[in-house]
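Visitor: My questions all concern the structure below.
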Amino acid sequence: SKANEYIDFAVNGSRIMRNMLLGLLEYSRVQTAGHEFSEVCANESLEAAINNLSVRIKETKAEITHDKLPKIKGDAAQLTQLFQNLIQNAIKFRSQANPRIHISAEREENGWLFSVADNGIGIEPQYLESIFGVFQRLHPSDEFDGMGMGLAVCKRIVKRHKGYIWADSEPGKGSTFYFIIPD
């Protein structure tokens, strides 16, 4: 029985290490495997992200709405990944209610301000900066899955586009993630 316990420990440890390495690989590929920037229809990138998450959206009965999004200069695949990570987090960190997520964009002086708002569990104010760090988790892995890489990848994508990302949240009332993509 002791040998089985050690084997289980080793297998679980190797699974965690594999996931961490895959997360780091995804993070590094933002810079090394990105496509050349071109005109991107943000609506199409959002629709691709929603399509990629369709099974999870149906399982959780998530309601996703959006305004008409602009065309911007960027990497279409990375913009899809950005929307996908933010929507996936909104679904993962949902409250007891069915997830409601709304994506919008408004013109700013030098670019576009996007927002992804949800009705989830929210984030304590003291963690709003640190959540974008590599392997940053606010909850134990037995409560919520993941390695703490999703928002770090989002930040890296937005940074590659010369923009910035931040969040506003109130615990128990949801979160809004904002990012600016400059012209």
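Visitor: Provide the net charge surrounding Ala97, with neighbours chosen by a C-beta distance below 12 Å and charges set as Lys +1, Arg +1, Asp -1, Glu -1. Walk me through the numbers on the way to the answer.
Guide: Numbers: positive: Lys61, Arg94, Arg100, Lys173; negative: Glu63, Asp118.
Computed value for this residue: +2.
Visitor: Please report, for the Cα atoms of segment 55-128, the Rg to one decimal and the Dmax as a whole number; what are they, in angstrom?
Guide: 13.6, 40
Visitor: Using a 1.4 angstrom probe on heavy atoms only, work out the carbon and sulfur share of the accessible area of segment 27-97 in %.
Guide: With neighbouring chains kept in place, the figure for segment 27-97 is 46 percent.
Visitor: Here is the link list: Lys61/Lys173; Lys58/Lys162; Lys71/Lys173; Lys2/Lys92; Lys61/Lys159. Which ones come out longer than 29 Å on Cα distance?
Guide: On the way: Lys61/Lys173 18 Å; Lys58/Lys162 34 Å; Lys71/Lys173 31 Å; Lys2/Lys92 35 Å; Lys61/Lys159 32 Å.
Distance filter (> 29 Å) returns Lys58/Lys162; Lys71/Lys173; Lys2/Lys92; Lys61/Lys159.
The values are calculated or read from the model by the stated rules, or taken from the named source; none is laboratory data. None of the values given here were measured: they were computed from a predicted structure. All Cβ positions, glycine included, derive from the backbone under ideal geometry; neighbour counts span all protein chains shown. SASA here: full protein model, heavy atoms, side chains in, ligands and nucleic acids out. Shrake-Rupley method; radii C 1.70, N 1.55, O 1.52, S 1.80 Å.
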